1. So if I check each of 151, 157, which one is at pLDDT 95 or above and surrounded by fewer than 20 Cβ atoms within 10 Å (Cβ to Cβ)?
2. Taking into account only those residues within the stretch 178-190 that are in contact (Cβ under 8 Å) with a residue 24 or more places away in the chain and out of contact with any helix residue (DSSP H, G or I) (no Cβ under 6 Å at 6 or more places or on another chain), which is surrounded by the fewest Cβ atoms within 10 Å (Cβ to Cβ)?
3. If you go through the stretch 188-206, how many residues are at pLDDT 95 or above and either more than 21 Å from residue 2 (Cβ to Cβ) or assigned to a strand (DSSP E or B) (or both)?
4. When the stretch 148-172 is examined, which residues are found to be part of a helix (DSSP H, G or I) and in contact with a helix residue (DSSP H, G or I) (Cβ under 7 Å, 6 or more places away or on another chain)?
5. Give the stretch 41-50 a look and list any residue that's surrounded by 18 or more Cβ atoms within 10 Å (Cβ to Cβ) and free of Cβ contacts under 8 Å to residues at least 40 places away in the same chain, or say none.
6. Looking at the stretch 127-135, is at least one residue within 28 Å of residue 24 (Cβ to Cβ), touching a strand residue (DSSP E or B) at 6+ places or on another chain (Cβ under 6 Å) and modelled with pLDDT under 95?
7. Looking at 90, 24, which one is touching a residue at least 12 places away in the same chain (Cβ under 8 Å) and either buried (at least 20 other Cβ atoms within 10 Å of the Cβ) or out of contact with any strand residue (DSSP E or B) (no Cβ under 9 Å at 6 or more places or on another chain) (or both)?
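The values are calculated or read from the model by the stated rules, or taken from the named source; none is laboratory data. Quantities reported herein were computed from a predicted structural model and do not represent experimental measurements. Note: ideal-geometry Cβ built from the backbone for every residue, glycine included; neighbour counts use all protein chains shown.
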């Protein structure tokens, strides 16, 4: 097995715990909508959040669609705050990420996310400075598990796919990464991830 030269981490439920239900309720409260209505509009499989994260909608278009559905002009700052404040640090993984960074491994994030979330996370969680690269759906115009997302991530890493390690919480994203040639595992615990990295020849002090 080739020792990875680049380590990609998913964000949601790997680096950070995420609650989309919390965002749904908070946004519904701001918009004066029933939570189920907001869920169908924003958080369904092809809803506004998916289009925002994929880069199909920019911030003004996302807000305009919400305003149209609500039938009024919503407070952009309140909607953004409700959409953003859904993240908690996964404290279990922080020592591992810190050790990898201190051992001079090349780290990146590879995530389906929006411009709002990325700006918020970088401001709120200082450890994102550990990651030199970022393959983000809203910037690359593709979402995991679409093949184009993995091609873009490999290009940004500057490595052959087989030299890239990737960890994600969703099995379909891991399966697609393996098809793309990545070394990939599903996240369960920080201890299991630590052991898996070591089994692939990734050295660090922890």
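1. Details: 157 fails: surrounded by fewer than 20 Cβ atoms within 10 Å (Cβ to Cβ).
Among 151, 157, only 151 is at pLDDT 95 or above and surrounded by fewer than 20 Cβ atoms within 10 Å (Cβ to Cβ).
2. Checking each candidate, the answer is 189.
3. 4
4. So in the stretch 148-172, the residues part of a helix (DSSP H, G or I) come out as 148-157, 161-163, 171-172.
Residues satisfying the conditions are 149, 150, 152, 154, 161.
5. Let us first name the residues in the stretch 41-50 that are surrounded by 18 or more Cβ atoms within 10 Å (Cβ to Cβ), namely 41-42, 48-50.
41, 42, 48 - these are the residues of the stretch 41-50 that are surrounded by 18 or more Cβ atoms within 10 Å (Cβ to Cβ) and free of Cβ contacts under 8 Å to residues at least 40 places away in the same chain.
6. no
7. On the way: 90 fails: either buried (at least 20 other Cβ atoms within 10 Å of the Cβ) or out of contact with any strand residue (DSSP E or B) (no Cβ under 9 Å at 6 or more places or on another chain) (or both).
Exactly one residue qualifies, and that residue is 24.
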